[in-house]
Amino acid sequence: MAKTISIDGQLLPAGRQVKIKADHHQWMIDEPESSHGTDVGPSPVQYLLGAVAGCLTITAKWLAGQKGIRLDQFDAHVEGTYSMKHAKDPDFQNRFTEIRVHVDMESDLNPDEEKAFIEECRMYCPVEGTIVNQTNFIIE
């Protein structure tokens, strides 16, 4: 079953500010002052890494509930290595070349079961699925 989710982004006059709306939620995306922004919110790539952390931890809570696992802690630290090549470079691709996730987890599982649980969480996380699999990207 497919579900469509809609987000609106509005460019604001100051810096690189973008007001994002999703249903009844609103937030700001911006760039740091060093990138001509006003630093009123995280950058788009910070939100992307935050989406990885959020999706994985929410999925862990859901999956633990489904399986009757006691999950006392599930903290995800996410960092990415970002390639910023110049547009004139023949290998030009502005993207993360690597995203690393470190999970601190406390549960009633043994270490091997925790590893398997985290791998299962990854299978259900749509943010990771979007990043690691090709997704049709259409601009109209």
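At 0.692 mPa s and 37 °C, plugging the Kirkwood radius over alpha-carbon pairs of the chain into Stokes-Einstein gives what diffusion coefficient in µm²/s?
187 µm²/s
Work out the FRET efficiency for Asp108 and Ser34 from their Cβ-Cβ distance, taking R0 = 30 Å, and round it to the nearest 0.05. Provide the component values of the computation, followed by the final result.
Values: r = 46 Å, r/R0 = 1.52.
Efficiency, rounded to the nearest 0.05: 0.10.
Please identify every one of the trypsin sites (Lys or Arg not before Pro) in the range 16-98 that sits in a loop by DSSP and has no more than 13 other beta carbons within 10 Å of its own beta carbon. Please report the intermediate quantities before stating the final value.
Values: sites: Arg16, Lys19, Lys21, Lys61, Lys67, Arg70, Lys85, Lys88, Arg95; in loops: Arg16, Arg70, Lys85, Lys88.
Sites meeting the loop and neighbour criteria: Arg70, Lys85, Lys88.
Top mean-square fluctuation among Pro32, Pro13, Pro111, Gaussian network model of the chain, C-alpha springs under 10 Å?
Fluctuation is largest for Pro13.
Taking 0.36 nm per intervening residue step and subtracting the Cα-Cα distance, what contour gain separates Ile139 from Ile69 on full extension? Can you show the working numbers first?
Values: separation 70, 0.36 × 70 = 25.20 nm, distance 4.21 nm.
Here the answer is 21.0 nm.
Please work out the C-alpha center-to-center distance from the range 97-117 to the range 1-39 and express it in whole Å.
First find each Cα centre; the distance between them is then 31 Å.
Are there chymotrypsin sites (Phe, Trp or Tyr not before Pro) in the range 31-140 that DSSP puts in a loop and that have at most 12 other Cβ atoms within 10 Å, and which ones?
Numbers: sites: Tyr47, Trp62, Phe74, Tyr82, Phe92, Phe96, Phe117, Tyr124, Phe137; in loops: Phe92, Phe137.
Answer in residue order: Phe92, Phe137.
As an exercise, use a Förster radius of 30 Å and the Cβ-Cβ distance of Lys61 and Thr81 to find the FRET efficiency, rounded to the nearest 0.05.
Efficiency, rounded to the nearest 0.05: 0.60.
Between Arg100 and Ile20, what is 0.36 nm times their sequence separation minus the Cα-Cα distance? Round to one decimal in nm. Working shown, then result.
On the way: separation 80, 0.36 × 80 = 28.80 nm, distance 2.64 nm.
Taking 0.36 nm per residue and subtracting the Cα distance, the gain is 26.2 nm.
Helix 44-67 versus the longest principal axis of the chain: what is the Cα-based angle in degrees, 0 to 90, to the nearest 10?
20 degrees
Taken together, the values in this text are just the output of simple stated rules run on the coordinates, not laboratory data. Quick caveat: nothing in here was measured; it's all calculated off a predicted structure. Glycine gets a Cβ as well: all are built from the backbone with ideal geometry, and neighbour counts include every protein chain shown.
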